[in-house]
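Asker: Right, I'll just put the structure down here and ask away after.
The values are calculated or read from the model by the stated rules, or taken from the named source; none is laboratory data. Keep in mind that what you see is a predicted model, and the values were worked out from it rather than measured. When we count neighbours, we look across all protein chains shown, and the Cβ atoms used for this are built from the backbone with ideal geometry, even at glycine. Please note that ligands, DNA and RNA were not included when accessible areas were found on the heavy atoms of the full protein model with its side chains. Shrake-Rupley method; radii C 1.70, N 1.55, O 1.52, S 1.80 Å.
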2 protein chains.
Amino acid sequence: MHILVTNDDGVSAPGLLALAQALRPLGKVSVVAPDRNWSASGHVKTLHRPLRAKEVTLADGTPALASDGAPSDCVALALLGLVEKVDVVVSGINPNANIGHDVTYSGTVTAAMEAAIWGVPGVAVSLDSPEDHQGALDVRDNWDYGPAARVAREVVERVVRFGLPKDTLLNVNVPYLKYEEIRGVQVTRQGLRVYRDALVRREDPQGRPYYWIGGEAPTGVPEEGTDFGALKAGYVSVTPLHLDLTSYEALRSLREWW
Amino acid sequence: MHILVTNDDGVSAPGLLALAQALRPLGKVSVVAPDRNWSASGHVKTLHRPLRAKEVTLADGTPALASDGAPSDCVALALLGLVEKVDVVVSGINPNANIGHDVTYSGTVTAAMEAAIWGVPGVAVSLDSPEDHQGALDVRDNWDYGPAARVAREVVERVVRFGLPKDTLLNVNVPYLKYEEIRGVQVTRQGLRVYRDALVRREDPQGRPYYWIGGEAPTGVPEEGTDFGALKAGYVSVTPLHLDLTSYEALRSLREWW
């Protein structure tokens with residue numbers, strides 16, 4: 001069993017280390033991860049420039065490759081032969097949940113998407129922010145990734161045992177609780193994210209305008225059966241995602257347009 | 001009727017100009033587009049740095065805003081208030097089809113996705129490459145975008161008249177034919193892309209390795225009812241996409257895992 005671990009926060013992120021350590025009992029773990037943070041970077045394929053892959057070591061001495069590509073590039077490099085044949089790709093642990101429409105932006109999720117495109121099972125793992133840490137990004141290196149790492153191992157064990165359907169990946173979100181406090185696992189559908197972005201206009205010292213996409217942190221609709229609903233009820237959310245974005249519902253009505 | 005036009009090839013691309021000109025009879029057209037090429041850039045939300053929006057003019061004198069953000073950032077900036085209220089977002093015209101799994105990477109498509117997230121109808125328009133131009137990227141500025149621009153107007157007219165379901169966008173691909181030679185419109189499902197990427201390892205003048213994601217241009221499976229199938233049969237392909245990536249098929253079997 002050869003497991004590729006990557007993330008979108010960069011090779012030095014503590015969530016990556018916790019994940020690599022937790023998965024080691026399942027088989028050989030290789031780490032190929034970005035050399036910098038790629039959060040909200042989307043699904044990238046870098047064709048216009050060459051990519052580097054530098055040998056580094058994680059904080060516990062684990063050897064890893066740090067690439068100047070995006071998370072999905074790291075997966076492509078690995079699956080194209082930078083490392084030996086990969087059986088499963090696990091991405092994370094991302095600090096903050098990836099729910100609702102986040103899955104289209106998330107570097108963590110798109111790394112698992114890239115695996116699915118190559119026919120390799122992909123699992124994205126994210127840890128919801130603690131209630132009192134909302135938006136406090138500077139402290140997330142001090143979060144406890146242990147429970148989420150243990151959950152990740154339990155999910156990956158099942159992926160190895162049962163396999164995943166073609167073109168399917170898993171989006172796993174873990175509530176910020178002690179392992180014993182987690183109420184269980186819910187298999188969920190993608191819920192709704194409510195973004196509260198706002199445009200902030202400022203002027204630079206030369207009087208020229210610039211803009212920040214700012215506003216409050218996004219929230220979710222805690223509906224039962226959804227990713228966010230499970231998290232808010234204290235459950236791990238496991239959402240199977242696929243790469244067919246066709247709206248089959250809309251197909252029929254659109255045909256009447258012509 | 002206020003139409004926002006953007007793309008992922010940059011504000012100076014001829015496909016953008018052709019699109020803006022074709023849509024002008026339908027209402028007011030505003031252009032907010034990236035100041036450089038963002039192909040295969042995925043769905044990006046730039047929160048970690050400020051964005052600029054510089055006033056420029058297109059080749060025909062049309063005023064436009066060029067942003068240093070990604071295509072999806074351009075849409076977010078515009079919908080957050082950089083321009084007046086937008087009724088529909090049209091992205092393109094991309095040189096080369098966006099079919100199959102391309103839709104998860106494509107900056108053209110993710111611009112329309114961003115519109116859908118904001119509750120605004122989004123349309124992505126791409127022009128398939130001429131048979132004899134496969135992979136010849138340097139000549140695509142000389143392609144004839146006229147027929148695809150006319151098709152785009154016909155699609156946007158219908159979007160305005162009939163509306164789009166919530167959370168839905170249209171992915172439009174036009175075959176490289178004269179307008180009269182196009183056989184009609186097919187409403188299609190997302191088909192399969194076959195990527196033929198290969199890892200190319202080279203050494204820099206200092207003897208250090210670097211890597212290209214290379215290989216042959218991707219192809220598709222020309223199955224009936226799919227995007228690629230329609231294109232290859234000489235039809236315009238209109239695929240309704242939605243933002244719910246849940247694999248409802250996999251939900252049931254996964255529940256047996258726990």
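Asker: Restricting attention to segment B:1-22, report how many residues are closer than 16 Å to B:Val155 by Cα and surrounded by fewer than 22 Cβ atoms within 10 Å (Cβ to Cβ).
Answerer: Final tally of qualifying residues: 3.
Asker: Shifting gears a bit: Within segment B:55-62, can one find any residue that is more than 9 Å from every other protein chain (Cβ to nearest Cβ) and buried (at least 21 other Cβ atoms within 10 Å of the Cβ)? Step through it out loud before you land on a result.
Answerer: Applying the first criterion (more than 9 Å from every other protein chain (Cβ to nearest Cβ)) to segment B:55-62 yields B:55-62.
Now restrict to residues that are buried (at least 21 other Cβ atoms within 10 Å of the Cβ): none.
Among the residues of segment B:55-62, not one is more than 9 Å from every other protein chain (Cβ to nearest Cβ) and buried (at least 21 other Cβ atoms within 10 Å of the Cβ), which makes the answer no.
Asker: Moving on to the next point. For the list (1) under 18 Å from A:Ala97 (Cβ atoms); (2) open to solvent by less than 60 Å² (accessible area, probe 1.4 Å), I need the number of the one condition that A:Val120 fails.
Answerer: In the conditions (1) under 18 Å from A:Ala97 (Cβ atoms); (2) open to solvent by less than 60 Å² (accessible area, probe 1.4 Å), A:Val120 misses (1) alone.
Asker: Among the residues that make up segment B:33-51, is at least one of them part of a strand (DSSP E or B), within 11 Å of another protein chain (Cβ to nearest Cβ) and out of contact with any Cys (no Cβ under 8 Å at 6 or more places or on another chain)?
Answerer: Checked against the condition, which is being part of a strand (DSSP E or B), within 11 Å of another protein chain (Cβ to nearest Cβ) and out of contact with any Cys (no Cβ under 8 Å at 6 or more places or on another chain), segment B:33-51 yields at least one hit.
Asker: Within segment B:238-246, does at least one residue satisfy the condition of being more than 16 Å from the chain's Cα centre (by Cα), loosely packed, with under 15 Cβ neighbours inside 10 Å, at the interface with another protein chain (Cβ under 7 Å from one of its Cβ atoms) and without any contact (Cβ under 8 Å) to a residue 24 or more places away in the chain? Outline the logic, then answer.
Answerer: Of segment B:238-246, the ones more than 16 Å from the chain's Cα centre (by Cα) are B:244-246.
Those still in the list that are loosely packed, with under 15 Cβ neighbours inside 10 Å too: none.
No, that holds for no residue.
Asker: Still on this structure: Could you please let me know if A:Val86 is over 25 Å from B:Arg49 (Cα atoms), away from chain B (no Cβ under 11 Å), open to solvent by 10 Å² or more (accessible area, probe 1.4 Å) and hydrophobic (A, V, I, L, M, F, W, C)? Don't jump to the end; show me each part of the working.
Answerer: Details: over 25 Å from B:Arg49 (Cα atoms): yes; away from chain B (no Cβ under 11 Å): yes; open to solvent by 10 Å² or more (accessible area, probe 1.4 Å): yes; hydrophobic (A, V, I, L, M, F, W, C): yes.
Criteria met by A:Val86.
Asker: Restricting attention to segment B:65-77, does a residue exist that is more than 9 Å from chain A (Cβ to nearest Cβ), open to solvent by 10 Å² or more (accessible area, probe 1.4 Å) and under 14 Å from B:Leu19 (Cα atoms)?
Answerer: Within segment B:65-77, not a single residue is more than 9 Å from chain A (Cβ to nearest Cβ), open to solvent by 10 Å² or more (accessible area, probe 1.4 Å) and under 14 Å from B:Leu19 (Cα atoms).
Residues are listed down the side, and each one gets a yes or a no for (1) surrounded by 24 or more Cβ atoms within 10 Å (Cβ to Cβ); (2) away from chain A (no Cβ under 12 Å):
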{"site": "B:Met113", "(1), (2)": "yes, no"}
{"site": "B:Glu157", "(1), (2)": "no, no"}
{"site": "B:Lys166", "(1), (2)": "no, no"}
{"site": "B:Leu169", "(1), (2)": "yes, no"}
{"site": "B:Lys178", "(1), (2)": "no, yes"}
{"site": "B:Arg189", "(1), (2)": "no, no"}
{"site": "B:Leu192", "(1), (2)": "no, no"}
{"site": "B:Asp197", "(1), (2)": "no, no"}
{"site": "B:Asp204", "(1), (2)": "no, no"}
